[in-house]
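*Asks:* Below you will find the structure I want to go over with you.
The values are calculated or read from the model by the stated rules, or taken from the named source; none is laboratory data. Given the structure is predicted, the values throughout are model-derived calculations rather than measurements. With ideal geometry, Cβ positions are generated from the backbone for all residues, glycine too; neighbour counts draw on all protein chains shown.
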Amino acid sequence: TSYIQLNQRSTIRFASTKHGKVLTTETMHPLVKSVEYAVRGALPIRAEALSQQLKKDPSKLNFDKVVFCNIGNPQQLNQKPITFFRQVASLCENPELLKTENRALVSKLYPADAIARAQVLLKNIGSVGAYSHSKGITHIRENVAKFIERRDGYAADPENIFLTQGASEGVQKVIQLLTQNQQSGIMIPIPQYPLYSATLSLVDAAPVPYYLNESQAWGLGREELQKSVDEARKKGVDVRALVIINPGNPTGQCLSEENIKEIIQFCHEERIVLLADEVYQTNIYQPERRPFHSFKKVLKSMGPEYQEQELFSFHSTSKGMIGECGRRGGYFECVNIDPAIMEQLYKISSISLCPNVHGQIMVDLMTNPPVEGDESYPQYKAEVDAIFQSLGRRATKLAQCFNGLEGVTCNDAEGAMYLFPQITLPNKAIEAAKKEGMTPDSFYAMGMLEATGVCVIPGSGFGQEPGTFHFRSTFLPEENLFDKFCGSLEDFHKSFMNKYRD
Ligand SMILES: Cc1ncc(COP(=O)(O)O)c(CN[C@@H]2CONC2=O)c1O
């Protein structure tokens, strides 16, 4: 709850009765009570229950495993970690292995460049068990700055970089700072990744929706942004920031350099802070959408009048080809941010002392992996390329599967890890959903889970054009199981549509 304004004078009074719990859903913080986060909502909760049931009594279920397609969690679906990263991490975890007396034995198991990397890291970290600097270990922030400079071709200052517990923590800190009162408005895409709507509700700020255009491959035009900000400001909302997720989640679209320029111009003219969520920057499968254009790079390439534009850029170790979600590694870079705000960011970062050191080590490895000529480079490159190509094949295959279903249309995933198909449901299904007190897409998704064990998230959890229904699925199930996975979805869809045919 540290992200909720605890200084808010609460009108809540703990129940004065002598019996029963003091803390109840009636006496708890109302903003916590009302917040929703669909990626781990009703569907995954039911999926977990089915997963437990499978262990105890599989006979009663129509499937032999639950496939968690609700969350971009590659290693949960058996994606292998990058060998070099785990070699370095394990050496940092157990410095005894680096002692000279163990060198002969350890060198049989670990390549010299992994040993050398662990030594450098530990020289700059001390122990992975110690608190670090609240912004993150300076050496690692320096390496992140070098990564950004190599990627963009423009200088980056390690002092403008905060390492975080995944990108989530960075997003929450920045949105908390941006929110002054209930009129503070933050523009978010619809459909959006619900970290944003959930964080806004926890800080009692105003979400200002702008719609991505499904018929234009989830494109975003300036006119939509202008319409959104004008409508909000007319209602008295103090619109102060714009969230862009690029590549998109749940929609997978990748912005062109031209489009990014247009968005920066919009923010500059409307005096809006830019939050660029770029956690999927290496997950770009469509060649015409590569290379990745960061908002930092495009901003720096624009004229002097734009060089005061305020920008926060977010990155994470949870995505890409590494999928080290559980380590909670991430960072954000602050561009043109008021130095007094930088101090405030440092202050709230110090409240939680520091991001976990293993997550910081993973950020160092993600942003500075083995390079050509390093002993581990051939294996590193082979592992990353294999994962990248497999993700691309699975994205295409699942989109083809969805587009082959009656009443379903699905844009290709240009990037990221998800597909967001639109489903046209028969009225009988919509009626049946209403009887169950469920949204139609939740009713469909729950039917899919109960029939196939596949857990997806209804589109209502991300927001969608009124009157349309979607669901979001990852394309992460293992490639060797993919045909069976797609087949089970096709079978379920056919039976569902036949059952509820008007
Ligand atoms: C766009 C976006 N931003 C930030 C995050 C937060 O990531 P970390 O905190 O792990 O760095 C996610 C995670 N993706 C969620 C988690 O898995 N599926 C999702 O939609 C994300 O998709």
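*Asks:* Given the condition over 21 Å from residue 462 (Cβ atoms), within 16 Å of the ligand (Cβ to nearest atom) and not in a helix (DSSP H, G or I), answer yes or no: does some residue in region 289-297 qualify?
*Replies:* yes
*Asks:* Checking the conditions here, which among 408, 335, 363 is more than 16 Å from the ligand (Cβ to nearest atom), at pLDDT 95 or above, touching a Ser or Thr at 6+ places or on another chain (Cβ under 9 Å) and closer than 30 Å to residue 158 by Cα? Show your work before the answer.
*Replies:* Numbers: 408 fails: closer than 30 Å to residue 158 by Cα; 363 fails: more than 16 Å from the ligand (Cβ to nearest atom).
That would be 335, the only listed residue that is more than 16 Å from the ligand (Cβ to nearest atom), at pLDDT 95 or above, touching a Ser or Thr at 6+ places or on another chain (Cβ under 9 Å) and closer than 30 Å to residue 158 by Cα.
*Asks:* Something else: Is region 144-153 home to any residue that is buried (at least 24 other Cβ atoms within 10 Å of the Cβ) and either away from the ligand (no atom under 11 Å from the Cβ) or not in a loop (DSSP other than H, G, I, E, B) (or both)?
*Replies:* Taking region 144-153 first, the residues buried (at least 24 other Cβ atoms within 10 Å of the Cβ) are 144, 148.
Remaining after also requiring either away from the ligand (no atom under 11 Å from the Cβ) or not in a loop (DSSP other than H, G, I, E, B) (or both): 144, 148.
Yes, that holds for at least one residue.
*Asks:* Further question: Looking at (1) of a type outside the set (Phe, Trp, Tyr); (2) within 17 Å of residue 359 (Cα to Cα); (3) surrounded by 15 or more Cβ atoms within 10 Å (Cβ to Cβ); (4) away from the ligand (no atom under 16 Å from the Cβ), which is the one condition that is false for residue 111?
*Replies:* (2)
*Asks:* May I ask you to list pairs of residues, at least six apart or on different chains, whose Cβ atoms are under 6 Å apart, with the first in region 310-339 being without any contact (Cβ under 8 Å) to a residue 24 or more places away in the chain and among the β-branched types (Val, Ile, Thr) and the second being part of a loop (DSSP other than H, G, I, E, B) and surrounded by fewer than 21 Cβ atoms within 10 Å (Cβ to Cβ)?
*Replies:* Nothing qualifies.
*Asks:* Name every residue in region 106-143 that is among the polar types (S, T, N, Q), in a loop (DSSP other than H, G, I, E, B) and within 27 Å of residue 294 (Cα to Cα), in order of residue number.
*Replies:* Once the filter is applied, which keeps residues that are among the polar types (S, T, N, Q), in a loop (DSSP other than H, G, I, E, B) and within 27 Å of residue 294 (Cα to Cα), region 106-143 yields only 134.
*Asks:* Among the candidates 429, 433, 445, which residue alone is within 16 Å of the ligand (Cβ to nearest atom) and among the small types (Gly, Ala, Ser)?
*Replies:* Working: 429 fails: within 16 Å of the ligand (Cβ to nearest atom); 433 fails: within 16 Å of the ligand (Cβ to nearest atom).
Just one listed residue meets the conditions, 445.
*Asks:* If you don't mind, another one. With the requirement that a residue be within 15 Å of the ligand (Cβ to nearest atom) and either polar (S, T, N, Q) or free of Cβ contacts under 8 Å to residues at least 12 places away in the same chain (or both), what does region 245-288 give you?
*Replies:* 246, 249, 251, 253, 281, 282, 283
*Asks:* Between residues in region 406-417 that are more than 20 Å from residue 495 (Cα to Cα) and residues that are surrounded by 22 or more Cβ atoms within 10 Å (Cβ to Cβ) and of a type in the set (Gly, Ala, Ser), which pairs lie under 7 Å by C-beta distance while being six or more apart or on different chains?
*Replies:* Note: pairs meeting the criteria are 413/252; 413/395; 414/252; 415/252; 416/248; 416/252; 417/72.
*Asks:* Further question: Is at least one residue of region 339-357 closer than 16 Å to residue 415 by Cβ, among the acidic types (Asp, Glu) and surrounded by fewer than 17 Cβ atoms within 10 Å (Cβ to Cβ)?
*Replies:* No, that holds for no residue.
*Asks:* Among the residues in region 188-210, are any in a strand (DSSP E or B), touching a residue at least 24 places away in the same chain (Cβ under 8 Å) and more than 30 Å from residue 422 (Cα to Cα)?
*Replies:* Checked against the condition, which is being in a strand (DSSP E or B), touching a residue at least 24 places away in the same chain (Cβ under 8 Å) and more than 30 Å from residue 422 (Cα to Cα), region 188-210 yields no hits at all.
*Asks:* Residue 331 passes all but one of (1) of a type in the set (Ser, Thr, Tyr); (2) farther than 30 Å from residue 469 by Cα; (3) assigned to a helix (DSSP H, G or I); which number fails?
*Replies:* Result: residue 331 passes all but (3).
*Asks:* Tell me which of these residue 175 doesn't satisfy, since it passes every other one: (1) surrounded by 16 or more Cβ atoms within 10 Å (Cβ to Cβ); (2) part of a loop (DSSP other than H, G, I, E, B).
*Replies:* (2)
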